[in-house]
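Structure first, commentary second.
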Amino acid sequence: MMLNIALSKGRLAKKALGLFEKCGVDISFVDMDSRKLIFEDAKQQLRIILVKPSDVPTYVERGVSDIGVVGKDTLMEQNKRLYEMLDLGFGACRLCIAGPVNKPQSAITNANLRVATKYPNVARSFYSSRNQAIDIIKMNGSVELGPLVGLSDVILDIVESGATLKENGLAVQEEICDSSARLVVNKVSLKTKAERITPLLEMIRKALEV
Amino acid sequence: MRKKIIPYGVQDYLPIECAHKNQLEQTILALFDDNNYQRVETPILEYMDVFSTGAGAFPQESMFKLSDNKGRLLVLRPDMTMPMARLAATKLKDQETLRLCYCGDIFHFFESEDSANLKQVTQLGVELMGVNGAKSDAEVVSLAINALKKAGLQSLQIELGQVEFFKGLIEEAGLNEEEGEAIRHRVEQKDTLAIELVLQKNGISGALKNKIMELPVLYGGREVLETARSYSDNPRCIKAIKNLESIIAELDAMGLSDCISIDLGLVQSVHYYTGMVFKGISDKLGYPILTGGRYDDLVKQYGRDIPATGFAMGVKPLLIALERQGNLGGEEA
């Protein structure tokens, strides 16, 4: 029975593979330096694909991958129907609202707070929970530019060290929540491939405790 | 001009697929008929009120809306069970026990462009209304198993749950509906970490906290029922376990319990369901083919207080699973 795993290309994938190795999985068939996107090991009946982080939940929800490793921030934004089973601890960051450190007072204000973000759904639910009207400006990167060039009043983004914010004259105004890598499982696979997935989960749980 | 295209989320069925679809529908409807389930048809257009209030209500934004000539809101039906409950409480109120079946399309309005769901879905299903007890639940589950088998589905699995087990724990914790809902959502995702946070926020600790946090992992074979029983002294939870045991005993007697597994973390749409719940899955498909359960409080919303249980299956998911296993023709597995 083939087990399909989707990993977020980049740092998270490296950490996830390290964790699998600790759990006794032979990961030598995965060559992170190559440009291949799919790695298969017939002996272990294991197939690992490397995808864009924001695509991991889609692969797992639709059952093309049985298991995925992806950041909590991405899961919050997409709200897919998945089992979110383990907090792997690595990839830690915070989802924050940040704005300019020294913003000049202005007499004419916007009725809608302009929020630049890669996480429009998180922004919508965060501000609607406090009944604040906002204008969401969906960005795909370099969100910090928003307030600097007058595109937005604040940004909602993940913050790791805060260095990027600081260098761009921004500061965290509010923390929304913590994020880290999660192990997600397809809702059907957990049951139909239980003999593969249950022992793996158990080993990962043990490895995380150490 | 959009004269030559169809909207996102709906589809044409061309001759080959259409033939398979019709054949499958006829095969399963014939099985329902053999088991004395009477087929009914209800309109695609209904008043929005049928679906928009009470337990299991559909959010406004999830329905396709129109209005009649008096300006009253109509919807394309988003569900088949509610019209069946409406019938049972009105036009069929003289029938003490109702065995109804249907084959029809439901409609869901999806905002997202990236949805795994179609907007128009053909469902086949049965409702057994007016009777209570494990026997009637087992009847419905057995019909689901037999329908999937008759369709030719191999490696089918039925996951059984019981929402009363969950509700018992929430009651014991003294949580209100909103807090219970927050936990239900997390249990449904098997997100133990988030459950712990919600429980901490509500000051729940000790043995009860551990029990609730066990919910996501209470799945597997029948041994799960033993485990669940061993740590619950809550009468509501024990009753739920006993109910599942009785249902499984009935299925055993019919020789159908091979494909049964247990998941006490199965708590989808807990408002609507009041007892046993189940899902039909296959290793050929990443999402369920059928869902069902007991819904004793639904028919009363239409004016007749009778218990009920039933299931609905998606014709399209079943067709996909059959094609993937290579016997779309529908021969017996």
Check your understanding: In segment A:101-170, which strands (runs of 3 or more DSSP E) lie fully inside it and hold 1 or more residues that are open to solvent by 90 Å² or more (accessible area, probe 1.4 Å) and either out of contact with any His (no Cβ under 9 Å at 6 or more places or on another chain) or at negative phi (or both)?
Key -> A:134-138
Exercise for review: For segment A:40-66, name all the residues that are in a strand (DSSP E or B) and touching a Lys or Arg at 6+ places or on another chain (Cβ under 7 Å).
Suggested key: A:Glu40, A:Leu50, A:Val51
Study note, to complete from the structure: Here the qualifying pairs (Cβ atoms under 9 Å; residues six or more apart or on different chains; first in segment B:40-56 and within 18 Å of B:Asp105 (Cβ to Cβ); second polar (S, T, N, Q) and open to solvent by 30 Å² or more (accessible area, probe 1.4 Å)) come out as B:Met48/B:Gln60
Practice item. Specify which of the listed residues (B:Asp252, B:Asp258) is free of Cβ contacts under 8 Å to residues at least 40 places away in the same chain, within 30 Å of B:Val121 (Cα to Cα) and part of a helix (DSSP H, G or I). Key: B:Asp258
Revision key, fill the gap. By residue number, the members of segment A:73-100 that are aliphatic (A, V, I, L, M), outside any loop (DSSP other than H, G, I, E, B) and open to solvent by 30 Å² or more (accessible area, probe 1.4 Å) are A:Met76
Exercise for review: Go through (1) modelled with pLDDT of 95 or more; (2) more than 25 Å from B:Ile248 (Cα to Cα); (3) within 14 Å of chain A (Cβ to nearest Cβ) one by one and return the number of the condition B:Lys279 breaks.
Suggested key: (2)
Review point. Quick one: how many residues across segment B:190-236 are among the hydrophobic types (A, V, I, L, M, F, W, C), under 13 Å from B:Ala173 (Cα atoms) and more than 14 Å from every other protein chain (Cβ to nearest Cβ)?
Key: 5
Practice item. Look at B:Leu251 and say whether it is over 30 Å from B:Lys149 (Cβ atoms), surrounded by 15 or more Cβ atoms within 10 Å (Cβ to Cβ) and either at pLDDT below 90 or not charged (D, E, K, R) (or both). Key: no
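Quick grid of which residues meet (1) buried (at least 20 other Cβ atoms within 10 Å of the Cβ); (2) out of contact with any strand residue (DSSP E or B) (no Cβ under 6 Å at 6 or more places or on another chain); (3) in contact (Cβ under 8 Å) with a residue 24 or more places away in the chain; (4) not polar (S, T, N, Q):
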{"residue": "A:Met32", "(1), (2), (3), (4)": "no, yes, no, yes"}
{"residue": "A:Arg47", "(1), (2), (3), (4)": "no, no, yes, yes"}
{"residue": "A:Pro53", "(1), (2), (3), (4)": "yes, no, yes, yes"}
{"residue": "A:Gly68", "(1), (2), (3), (4)": "yes, no, yes, yes"}
{"residue": "A:Gly71", "(1), (2), (3), (4)": "yes, no, yes, yes"}
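The values are calculated or read from the model by the stated rules, or taken from the named source; none is laboratory data. Please read all numbers here as calculations on a predicted model, not as lab measurements. Here Cβ is always computed from backbone atoms with ideal geometry, including for glycine, and neighbour counts include all displayed protein chains. For accessibility, only protein heavy atoms count, side chains too; no ligands or nucleic acids. Shrake-Rupley method; radii C 1.70, N 1.55, O 1.52, S 1.80 Å.
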